[in-house]
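A quick write-up on the structure given underneath.
The values are calculated or read from the model by the stated rules, or taken from the named source; none is laboratory data. On a predicted model such as this, the values are computed, not experimentally measured, just so you know. Note: ideal-geometry Cβ built from the backbone for every residue, glycine included; neighbour counts use all protein chains shown.
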Amino acid sequence: MRKYINKLFAVVLATATITSCTVEEGTVPGNDKEPNVVVYSYTAKKPYNEDNDVTLRLAFNNKVESAYYLAEKASEKEAKVATMGEEGYMDYVVSNGTKINEVASNTDLTLTEMYGKYAITVVVVNGNKKTSAVTEFTGLEWADVVNGTYYFAVKPDVTGESRPTTLQVCTTDNTLYRLKDVFGQGANMKFQLLPDYTAKDADGTYTYFRIPATETPFTYGSHGTVSVRDIGYWQGSSAWITDNGYESGMYEDYYCFFCIQYYVSAGSLGYNYEEFVPDAE
């Protein structure tokens, strides 16, 4: 596979249709007798770090007079609830949490720098009445595997020809990897190994992986942000990866080849093989 890394594809893929979806937002104030809040969680957008930051939308009903939130490790919350009970924990959030200034309608907030499993508790108050809502977020933590160099092939005029980077593995999921700062400071690329899919060639055995849609800090003319993804996500079917020969793979020595597409909102900028080459030991 390595010796073919710089060859362009000869096959033309069908153009993919880009669609978007929306999420129902908020809640409709009604005639509730109790204060109430609904918590929606969203992936944090740039400049936030989606690995460790989360954006929340809090939808309050018309009985809420004040509201508070507290984010802490899930294990720490469980220990407190075990000793003080749910009612006591709500009082704890009111006393030790952060007060939310705007409770008339929907309120958005972004919590940052969370590593590990967190419980985020929102308590709403009306007089002596309290209710709560909880959501959980697991912030990813990473361990270095090997330093190396990433070589760009699709749009080197945009990305540059190569960049030093570090291959890292998620400490809670040994099939999840990322190339740290591969597109610049804080701009990483994650990919997920498929342990059930392996192949062997003259260079050894490699394990397939998927590359989800990832925004880069690069722009392309007036077309806006450049993003990347594997061919399967582009074409809307994992069969392009597992069956049709457009796989990306990691060898046992951590050399990786990426069958990757670059695109903007207007369409594709091209696709090719790119590679991560570990430093020699």
How many of the residues in the stretch 75-95 are loosely packed, with under 15 Cβ neighbours inside 10 Å and touching a Lys or Arg at 6+ places or on another chain (Cβ under 9 Å)? 4
For Thr131, work out the one condition from (1) in contact (Cβ under 8 Å) with a residue 60 or more places away in the chain; (2) closer than 28 Å to Tyr254 by Cβ; (3) surrounded by 15 or more Cβ atoms within 10 Å (Cβ to Cβ) it doesn't fulfil. (2)
Flag for Met90 being in contact with a Ser or Thr (Cβ under 7 Å, 6 or more places away or on another chain), under 14 Å from Thr121 (Cβ atoms) and outside any strand (DSSP E or B): yes
Six or more apart or on different chains, Cβ under 7 Å: which pairs go from a residue in the stretch 70-86 that's farther than 19 Å from Phe137 by Cβ to one that's part of a helix (DSSP H, G or I)? Could you list them? Met84/Tyr92
Pick out the one residue from Val226, Val182, Val169 that is modelled with pLDDT of 95 or more, part of a loop (DSSP other than H, G, I, E, B), surrounded by 15 or more Cβ atoms within 10 Å (Cβ to Cβ) and among the β-branched types (Val, Ile, Thr). Val182
Filter the stretch 202-217 down to residues that are touching a helix residue (DSSP H, G or I) at 6+ places or on another chain (Cβ under 9 Å) and assigned to a strand (DSSP E or B) and give me whichever is surrounded by the most Cβ atoms within 10 Å (Cβ to Cβ). Phe209
Pick out the one residue from Gly270, Gly245 that is over 15 Å from the mean Cα position of the chain (by Cα), on the phi > 0 side of the Ramachandran plot and not in a strand (DSSP E or B). Gly245
State all residues of the stretch 55-74 that are more than 23 Å from the chain's Cα centre (by Cα) and either surrounded by fewer than 17 Cβ atoms within 10 Å (Cβ to Cβ) or part of a strand (DSSP E or B) (or both); if no residue qualifies, say none. Ala59, Phe60, Asn62, Glu65, Ser66, Ala67, Tyr68, Tyr69
